[in-house]
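**Student:** Submitted below is the structure of interest, expressed as structure tokens.
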Amino acid sequence: MTLHSAPMDPNLSQIIKLAVLAVGGQGGGVLTGWIEEVARAHGYAAQATSVAGVSQRTGATVYYVEMAPASGGVPIFSLMPAAGDVDIMIAAEMMEAGRAIMRGFVTPDRTTLIASTHRALAVSEKMEPGNGIANSDEVMAAAGLMAKRFIAADFETLAVQNGSVISAALFGALAGSGVLPFPKAGFEAAIAKGGKGIESSLRAFGAAYAAARGEEVAAPKEVAKPSVAPSVKGPSRLLADWERLTARVSAMPEPVAQMAQAGLRKVVDFQDLAYGVAYLARLDGVLLRDDAARGFALSVAAAKFIANAMCYDDVIRVADLKTRGPRFARIAKEMRVKGGNLLHLTEFMHPRAEEIAGMLPVRWGQRVQSSAVWMARLGRWFSKGRHVRTDGLVSYVTLYLLGGMRFWRQRTLRHAQEVAHLEAWLSTALAYLPRYDLAVEVIKCRRLVKGYSDTHARGLSKFDRVLEGAALVASRDDAADWVRRLREAALKDEEGKALDGAMATIRSFA
């Protein structure tokens with residue numbers, strides 16, 4: 001028996017199927033609306049749908065458009081894209097392109113893939129304590145193989161440089177690709193009908209259009225100036241003291257001096273010039289035991305991580321950072337606040353009982369921390385956290401005054417604890433000399449201790465376990481390698497499962 005397939009409806013072969021993958025704030029809905037507009041303006045019937053994506057992408061949405069010439073009647077359009085059945089795929093960031101490939105929406109026989117090469121990090125990438133950013137190069141390679149045609153550029157940067165958002169740049173790339181049978185003017189007319197931000201959207205559109213066609217992209221009118229280190233200002237007496245400290249740094253070996261200059265700025269900003277003197281004294285102690293033949297690797301690492309250890313995140317530091325003018329300016333810029341707009345800013349403050357007790361004088365704080373009754377009481381008072389509106393006068397002034405209490409910091413229990421931990425860590429690292437590589441790796445383990453509240457507590461626990469592992473393998477020739485593996489395992493996940501596995505391996509042969 002011979003089976004004969006039914007003849008294909010000629011109208012179906014004319015349907016153009018286009019999908020857009022975007023995350024929240026990238027204007028995927030606006031882009032989809034423009035695509036519908038340009039299609040209908042040129043005699044096409046069009047239908048657009050959208051389905052909210054997974055929380056892993058913090059608001060990822062799949063937008064889907066089908067269009068066909070209206071002259072042959074309006075076909076029944078599909079509501080969602082199907083694997084192997086997409087003509088044009090637009091990905092608003094590189095991992096969205098990877099997700100489209102994994103779902104089968106990109107195929108070498110038919111799909112034109114348009115993707116922005118910038119990254120909008122997924123929740124899983126942000127949660128990893130270390131560098132959890134996925135490798136974009138792998139996605140680029142897969143796109144080159146899986147797409148019939150691959151058009152990629154940093155469309156986010158092109159949009160920002162022209163004062164617009166990425167949806168306008170992606171629309172320009174779609175027009176520049178030539179895969180839709182509509183003239184450039186038709187795309188521009190669709191943007192012009194929007195009524196808002198037309199001029200900037202058209203600039204971004206034009207830049208991306210040129211990039212998609214491989215043409216030279218015109219530089220924006222306003223080119224951002226490269227950032228430079230802020231100049232130091234203050235009373236002449238303090239400036240003279242600052243110059244003496246920087247002169248000490250300049251006298252250090254060049255690879256150390258570069259890192260130490262940044263470290264000195266950080267600790268002085270955190271506390272005061274006397275704190276900078278203490279920083280350089282600790283660094284000098286490491287330099288005396290360093291080896292020029294090793295490129296001063298020990299001192300370079302120490303210059304970075306001693307500064308980090310001295311600039312811990314206590315309540316005073318958090319309040320200070322949250323009330324600085326540049327932070328408000330940065331947030332306003334990121335939120336694209338324009339004249340006449342009001343920005344409401346809510347801070348989430350969630351100190352533990354330990355942070356509150358840490359603000360007390362040493363002996364008083366020790367008594368409170370040793371009292372289960374008082375710690376439970378502080379936990380009840382503060383465990384729910386606080387939502388503080390720093391766009392309001394009372395909340396802002398409260399945080400501002402708290403952030404100005406650096407004069408009190410060195411009297412607190414928290415400071416005493418941090419100094420004791422810092423000195424113990426440095427002594428442990430230097431005690432491993434002349435095992436130079438091992439000492440360097442132990443210095444670098446201070447990277448694990450960072451953040452505030454629960455984040456700090458988790459990091460401190462991992463740090464202690466890694467140093468415990470270092471002691472177990474210290475007699476081995478490959479001890480430095482094992483300490484590096486432990487540190488990398490500790491940075492893999494928040495729960496410490498990878499570190500558990502690495503420690504179990506060490507105990508099996510230690």
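**Student:** Take the conditions at pLDDT 90 or above and in a helix (DSSP H, G or I) and apply them to SER167. Does it pass? Working first, answer last.
**Tutor:** Working: at pLDDT 90 or above: yes; in a helix (DSSP H, G or I): yes.
Judged against the criteria, SER167 is a match.
**Student:** Let me ask something else. Can you tell me which condition LYS322 does not meet? The list is (1) out of contact with any Ser or Thr (no Cβ under 8 Å at 6 or more places or on another chain); (2) more than 30 Å from ALA429 (Cβ to Cβ); (3) crowded, with 18+ Cβ neighbours inside 10 Å; (4) not hydroxyl-bearing (Ser, Thr, Tyr), and all the others hold.
**Tutor:** Condition not satisfied by LYS322: (1).
**Student:** Ok, one more. Does ALA278 fit the bill of being of a type in the set (A, V, I, L, M) and modelled with pLDDT under 95? Working first, answer last.
**Tutor:** Values: of a type in the set (A, V, I, L, M): yes; modelled with pLDDT under 95: no.
Taking the combined requirement at face value, the residue does not satisfy it.
**Student:** THR398 - would you say it is under 29 Å from GLY501 (Cα atoms), modelled with pLDDT under 90 and β-branched (Val, Ile, Thr)? Step through it out loud before you land on a result.
**Tutor:** Details: under 29 Å from GLY501 (Cα atoms): no; modelled with pLDDT under 90: yes; β-branched (Val, Ile, Thr): yes.
No: the conditions fail for THR398.
**Student:** Another question about this same structure. Taking into account only those residues within region 347-368 that are closer than 15 Å to ALA319 by Cβ and out of contact with any helix residue (DSSP H, G or I) (no Cβ under 7 Å at 6 or more places or on another chain), which is surrounded by the fewest Cβ atoms within 10 Å (Cβ to Cβ)? Reasoning before the result, please.
**Tutor:** Filtering region 347-368 down to residues closer than 15 Å to ALA319 by Cβ leaves 347-351, 355-356, 358-359.
Okay, now just the ones that are also out of contact with any helix residue (DSSP H, G or I) (no Cβ under 7 Å at 6 or more places or on another chain), so 348-350.
Values: PHE348: 8, MET349: 19, HIS350: 14.
So, considering only residues that are closer than 15 Å to ALA319 by Cβ and out of contact with any helix residue (DSSP H, G or I) (no Cβ under 7 Å at 6 or more places or on another chain), the one surrounded by the fewest Cβ atoms within 10 Å (Cβ to Cβ) is PHE348.
**Student:** Further question: On the given criteria, is SER299 at pLDDT 90 or above, hydroxyl-bearing (Ser, Thr, Tyr) and under 30 Å from the mean Cα position of the chain (by Cα)? Full working, then the answer.
**Tutor:** Details: at pLDDT 90 or above: yes; hydroxyl-bearing (Ser, Thr, Tyr): yes; under 30 Å from the mean Cα position of the chain (by Cα): yes.
Yes: the conditions hold for SER299.
**Student:** If you scan region 393-410, which residues turn out to be of a type outside the set (A, V, I, L, M) and in a loop (DSSP other than H, G, I, E, B)?
**Tutor:** Going through region 393-410, the residues of a type outside the set (A, V, I, L, M) turn out to be 395-396, 398, 400, 403-404, 406-410.
Within region 393-410, GLY404, GLN410 qualify.
**Student:** Sticking with this one: If you check ALA22, ALA39, ALA48, ALA70, which single one turns out to be surrounded by 16 or more Cβ atoms within 10 Å (Cβ to Cβ) and at pLDDT below 90?
**Tutor:** On the way: ALA39 fails: at pLDDT below 90; ALA48 fails: at pLDDT below 90; ALA70 fails: surrounded by 16 or more Cβ atoms within 10 Å (Cβ to Cβ).
None of the other options fit; the residue is ALA22.
**Student:** Continuing with the same structure: Filter region 25-36 for residues that are in contact (Cβ under 8 Å) with a residue 60 or more places away in the chain and either within 21 Å of GLY178 (Cβ to Cβ) or hydrophobic (A, V, I, L, M, F, W, C) (or both); which is surrounded by the most Cβ atoms within 10 Å (Cβ to Cβ)?
**Tutor:** Among residues in region 25-36 that are in contact (Cβ under 8 Å) with a residue 60 or more places away in the chain and either within 21 Å of GLY178 (Cβ to Cβ) or hydrophobic (A, V, I, L, M, F, W, C) (or both), the one surrounded by the most Cβ atoms within 10 Å (Cβ to Cβ) is ILE35.
**Student:** Is region 309-324 home to any residue that is free of Cβ contacts under 8 Å to residues at least 24 places away in the same chain and among the aliphatic types (A, V, I, L, M)?
**Tutor:** Taking every residue of region 309-324 in turn, none turns out to be free of Cβ contacts under 8 Å to residues at least 24 places away in the same chain and among the aliphatic types (A, V, I, L, M).
**Student:** Give region 292-303 a look and list any residue that's assigned to a helix (DSSP H, G or I), crowded, with 19+ Cβ neighbours inside 10 Å and not β-branched (Val, Ile, Thr), or say none.
**Tutor:** In the first step, residues of region 292-303 are kept if they are assigned to a helix (DSSP H, G or I); the result is 292-294, 297-303.
Subset that is crowded, with 19+ Cβ neighbours inside 10 Å: 298-303.
Result: LEU298, SER299, ALA301, ALA302, ALA303.
**Student:** Does PHE382 satisfy the condition of being in contact (Cβ under 8 Å) with a residue 24 or more places away in the chain, among the aromatic types (Phe, Trp, Tyr) and surrounded by 14 or more Cβ atoms within 10 Å (Cβ to Cβ)? Step through it out loud before you land on a result.
**Tutor:** Details: in contact (Cβ under 8 Å) with a residue 24 or more places away in the chain: yes; among the aromatic types (Phe, Trp, Tyr): yes; surrounded by 14 or more Cβ atoms within 10 Å (Cβ to Cβ): yes.
Here the answer is yes, as PHE382 does meet what is asked.
**Student:** Another question, then. Give ARG336, ARG317 a once-over and let me know the one that is at pLDDT 90 or above and either out of contact with any Pro (no Cβ under 8 Å at 6 or more places or on another chain) or hydroxyl-bearing (Ser, Thr, Tyr) (or both). I'd like the intermediate steps shown before the answer.
**Tutor:** On the way: ARG336 fails: at pLDDT 90 or above.
On inspection, the qualifying residue turns out to be ARG317.
The values are calculated or read from the model by the stated rules, or taken from the named source; none is laboratory data. As the structure is a prediction and not an experimental result, all values here were calculated from the model. Methodologically, a virtual Cβ is constructed for each residue, glycine included, from the backbone with ideal geometry; neighbour enumeration extends over all protein chains shown.
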